[in-house]
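Participant: Questions regarding the structure given below will be posed in turn.
A short reminder: the numbers here are calculations on the coordinates, not readings from a lab. No experiment lies behind these values; they were computed from the predicted model shown. Here Cβ is always computed from backbone atoms with ideal geometry, including for glycine, and neighbour counts include all displayed protein chains.
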Amino acid sequence: MKKQKIEASKTAIVLIEPQYDFLKPGGSMYQFIAKQLEKRKVIPNLVNLVNKARKKVKKIVYVPFEAFEPGFPEIDRQGPGMCGLRGLEIDMPTGWKIHGKPVSGAWVKGTPGPEIIPELTPKKGDLIVRGKKTLDAFWSTSLDYTLRTNMVEWVAMVGFHTNWCVESTARSAYDKGYRVIVIGDCTGTDTQEEQDYAEKYIFPKIGVVMNHQEFLKSLI
């Protein structure tokens, strides 16, 4: 499969969570991922990818994480979600304020956190799939329907975190019968160790790992 050309007319790039909380100073998770973003040039790689692929692939699909109300009334603090990712994110310090008061936690409505960063603003013809509230971008969203109604066969995954949402979504795409590509230099996570493990041991069992230049050259 690594030598196989990718049919651009049947390909979608799925861009997971290109938002302030990950990608800009002040973001709840930026503090953990910042060094990797800079070292691996992830944001410039993403910008280059979407700008060059936009007129080639069938669709570029954005799947942002949905915002929570301040104080997270949607989540029971004694509930199961607090044992996992929500429990980690809900008290993370941020650089944001609402009405002059500091805000803690990821994806809080009324802060820049849930907004898509300017460098990756969707363009005409791009799609935004709403409803993502957990790791897998297929869960609780219309992503599968959106891809199938656009006759997409190849799904190229990019975004954040490599070993959280990207991995969960890639596994789900594989199980649903899509041909999966993970564009490694357009993903990012907290450490190089985590990035390397996912690219070496996880993604090759789901699909193909490429950098964005290899991906662009593989499109036919």
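Participant: So for segment 83-220, taking the charge dipole from beta-carbon charges (+1 Lys/Arg, -1 Asp/Glu), which of V103, F160, T187 sits furthest toward the positive end?
Facilitator: About the Cα centre, the residue reaching furthest to the positive side is V103.
Participant: Cut-off is 10 Å between beta-carbons; in what order do H212, H99 appear when sorted fewest neighbours first?
Facilitator: H99, H212
Participant: While we're here: Pairs of alpha-carbon atoms within less than 8 angstrom and 6+ residues apart define the contacts here; what relative contact order does segment 124-220 have, in percent?
Facilitator: Relative contact order here is 24 percent.
Participant: At q = 0.07, 0.13, 0.17, 0.18 Å⁻¹, what is the base-10 log of I(q)/I(0) for the chain according to the Debye formula with one equal point scatterer per Cα and no solvent? Please give it to two decimals.
Facilitator: With one equal scatterer per Cα and no solvent, log10 I(q)/I(0) is -0.20, -0.71, -1.21, -1.34.
Participant: Still on this structure: Let me check against my output: what whole-number percent is the relative contact order of segment 1-114, with C-alpha pairs under 8 Å and at least 6 apart?
Facilitator: For segment 1-114, the relative contact order is 33 percent.
Participant: DSSP beta bridges in segment 1-110, what fraction antiparallel, as a percent rounded to 5?
Facilitator: Percent antiparallel among DSSP bridges in segment 1-110 is about 35.
Participant: Additional query: Normalised by the number of residues in segment 12-79, what is the relative contact order in percent for Cα pairs under 8 Å and 6+ residues apart?
Facilitator: Worked out over segment 12-79, it gives 44 percent.
Participant: How charged is the neighbourhood of H161? Take every other residue with its Cβ under 9 Å from the Cβ of H161, and add Lys/Arg as +1 and Asp/Glu as -1.
Facilitator: Result for the neighbourhood of H161: -4.
Participant: Still on this structure, I have one more. Might you report the magnitude of the Cβ-based charge dipole of the chain about its Cα centre, with Lys and Arg at +1 and Asp and Glu at -1, to the nearest 20 debye?
Facilitator: 1020 debye
Participant: Give, in nm to one decimal, the length gained when the segment between K35 and L85 is fully stretched (0.36 nm per residue of separation minus the Cα-Cα distance).
Facilitator: Gain on stretching K35 to L85: 15.9 nm.
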